[in-house]
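Report on one structure; see the data block that follows.
The values are calculated or read from the model by the stated rules, or taken from the named source; none is laboratory data. Please read all numbers here as calculations on a predicted model, not as lab measurements. Positions of Cβ are generated from backbone atoms using ideal geometry, with glycine treated the same way; all protein chains shown enter the neighbour counts. Surface areas here come from the heavy atoms of the whole protein model, side chains and all, with no ligands, DNA or RNA. Shrake-Rupley method; radii C 1.70, N 1.55, O 1.52, S 1.80 Å.
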Amino acid sequence: MVRKKGSLILCGAFLFVAWNALLLLYLWGRPPIGRLGEGGGAEPGGQEEWGVGRGKGGRVNLAGEVIRLAEEVEVQLETQKKLLKQIESHRAVWARQKDVGKRETDNTKDVKQEVVHQSQKPPPPPKDSLDDRDQTQIKPTQKAVYTVASASKLEQHQDIEKREEAGENNKPATSDASPDVIIPILVIACDRVTVKRSLDKLIQYRPSPEQYPIIVSQDCGHAETARVISSYGDQVRHIKQPDLSDIRVRPEHRKFQGYYKIARHYHWALNQVFNTFSQSTVVIVEDDLEVAPDFFEYFRALYPILRADPTLWCASAWNDNGREALVDPSKAHLLYRTDFFPGLGWMLLKEMWDELEPKWPSAFWDDWMRQPEQRKERSCIRPEISRTITFGRKGVSLGQFFDQYLRYIKLNTEFVPFTKQDLSYLLKENYDEKFIKEMYSAPLVKIEDLQQAGTLKGPGPFRVQYSSRDSFKVFARKLGVMDDLKSGVPRTGYRGIVGFLFRGRRVVLAPPEGWTQYDVSWS
């Protein structure tokens with residue numbers, strides 16, 4: 001081994017000496033480098049072209065020549081040094097590319113093996129069979145996060161396969177709605193000790209701690225709330241927003257300080273989920289929301305729909321017009337597209353967060369989401385009957401809408417097996433034509449017809465037409481639905497149409513046929 005190394009060293013030394021000897025010979029025979037248009041220039045036009053370095057009588061000045069050669073050798077060595085650095089940097093890049101390519105190949109093989117292995121797995125045991133669970137189940141919350149992160153590459157490959165399937169078949173799988181995708185639940189908390197009510201229901205209805213890790217992100221530094229969250233131990237992961245400072249705002253916005261802190265908290269918490277914990281999606285709930293028994297089933301089924309349709313940007317558990325008198329309790333399975341961002345329990349994909357994060361607002365994030373610059377004519381999915389209700393009258397909004405609307409929202413109590421249903425009707429190419437045809441083929445009636453008993457027959461739908469912002473608000477109030485608009489979009493509206501139940505009949509409040517776009521001046 002030593003002899004081999006010695007031979008390599010001698011060979012290298014020989015090459016170095018030979019190279020430099022050739023370099024000296026080359027430089028010796030080379031004409032001097034001068035300046036254009038001056039004596040001593042190597043370019044035509046020099047006063048003493050090719051004659052620099054000659055002394056009196058044309059004799060060569062040896063000392064000058066040696067100095068010149070030394071300078072040129074120094075220049076050439078500096079050039080070689082730069083070339084060597086470039087070669088070294090390129091070699092590092094090539095090595096990294098080669099390593100990445102190798103890892104991707106290995107990962108693809110692992111994914112294929114994992115998919116084959118999972119296809120042979122029996123269905124998971126029921127929730128109560130705790131003793132029969134795999135011994136590799138993660139118990140500490142921190143470890144669960146690492147398990148989620150390690151599964152992210154498999155999820156990405158599965159997501160790509162599901163997108164391709166949806167494109168080829170025009171409908172996603174209905175009986176196998178991404179069973180292996182991790183869907184974390186992010187609970188946004190502050191100073192409500194009643195977060196316990198929210199967490200109790202989430203844990204009660206959660207089918208699997210591994211597939212639905214609960215991350216509670218707390219702002220405000222409220223010690224009692226922190227103790228409540230910590231009491232759940234490994235059942236949740238408790239993270240704390242580090243920046244509790246006040247935010248500098250305009251004098252007229254000092255009363256809105258809470259809205260600024262909420263936007264800052266959302267930004268930090270979502271970055272934690274997507275960038276620190278490496279998740280591909282998340283469902284966001286706040287600490288004053290109670291969830292329905294099929295809350296997890298609902299989002300599990302909608303995940304592939306959200307992935308498959310680029311005209312969708314969220315799925316929400318909330319119906320803004322979900323008061324008990326306005327929904328059909330026998331239609332708990334019905335889902336709709338809506339142009340209005342509902343919030344209050346909603347699913348977001350990482351790709352969408354990558355788009356929103358760089359321009360995330362400093363306050364009023366939910367109304368910002370409803371602006372056309374963010375929505376970009378995309379829609380959300382919402383249910384007939386809400387899968388969340390809010391019990392938090394206390395908050396930065398000071399109970400806005402709570403006493404009038406929110407406290408009366410009906411929470412679904414019937415478990416709907418959404419993952420066993422064909423939800424491809426929610427894809428835009430399947431939804432719009434049928435929706436528009438059904439809405440505008442409904443009989444056009446007046447408000448008085450709906451209000452007078454016996455005037456109309458049948459369950460509907462019946463259509464009430466509005467033609468302006470004011471007429472919409474008047475009709476909405478008379479029919480008992482929310483009358484506010486955000487960026488011109490009515491709550492639950494799709495293509496300007498708001499559907500609900502009125503005295504047991506299906507009613508749609510709709511603009512004239514041929515509607516094209518929302519008018520932001522209506523807000």
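Selection among PHE500, GLN465, SER379 by position relative to the dipole of region 373-523 gives PHE500 as farthest towards the positive end (Cβ unit charges, Cα centre). A crude spin-label estimate for the pair ASN275 and VAL193, with each label 7 Å from Cα along the Cβ direction, gives 3.6 nm.
Strictly over 31 Å apart at the Cα level, which of LYS196/LYS359; LYS240/LYS473; LYS240/LYS376; LYS201/LYS478; LYS240/LYS359 would you flag in this model? Correct reply: LYS196/LYS359; LYS240/LYS473; LYS240/LYS376; LYS201/LYS478.
Here the accessible area is traced with a 1.4 Å probe on the protein chains. For region 327-463, carbon and sulfur cover 53 percent of it. Taking the Cα centre of region 355-459 as reference, the dipole from Cβ charges on Lys and Arg (+1) and Asp and Glu (-1) amounts to some 300 debye. Hey, got the dipole for region 459-516? About the Cα centre, +1 on K and R Cβ, -1 on D and E Cβ, debye to the nearest 20? Dipole about the Cα centre, nearest 20: 180 debye. Taken per residue, the accessible surface of region 387-503 reaches 51 Å², heavy atoms only and a 1.4 Å probe.
Using the crude model of +1 on Lys and Arg Cβ and -1 on Asp and Glu Cβ, and no other charge, please compute the dipole size for region 219-372 relative to its Cα centre, in debye to 20. Intermediate values should be presented prior to the final figure.
Values: 17 positive and 23 negative charges, 81 e Å.
Using only the charged Cβ atoms, the result is roughly 400 debye.
For region 449-512, the set of trypsin sites (Lys or Arg not before Pro) satisfying both a DSSP loop assignment and a count of at most 12 other C-beta atoms within 10 Å is given as LYS457, ARG503.
Restricting the trypsin sites (Lys or Arg not before Pro) of region 200-255 to loop positions (DSSP other than H, G, I, E, B) with no more than 13 neighbouring Cβ atoms within 10 Å leaves ARG248. In a solvent-free Debye calculation with one equal scatterer on each Cα, what is log10 I(q)/I(0) for region 343-385 at q = 0.28, 0.33 Å⁻¹, listed in the order of the q values? Listed by q, the Debye log ratios stand at -1.32, -1.45. With all pairs of different C-alpha atoms in the average, the Kirkwood value for the hydrodynamic radius of region 357-487 is 18.7 Å.
Rounded to the nearest 10 square angstrom, VAL17 shows an accessible area of 90 square angstrom against a 1.4 Å probe.
Determine the share of region 237-290's accessible area contributed by carbon and sulfur atoms, expressed in whole percent, with a 1.4 angstrom probe.
Numbers: 1250 of 2550 Å².
So the carbon and sulfur contribution to the accessible surface is 49 percent.
For region 392-481, applying the loop criterion from DSSP together with a ceiling of 15 other beta carbons within 10 Å to the GluC sites (Glu not before Pro) yields GLU414.
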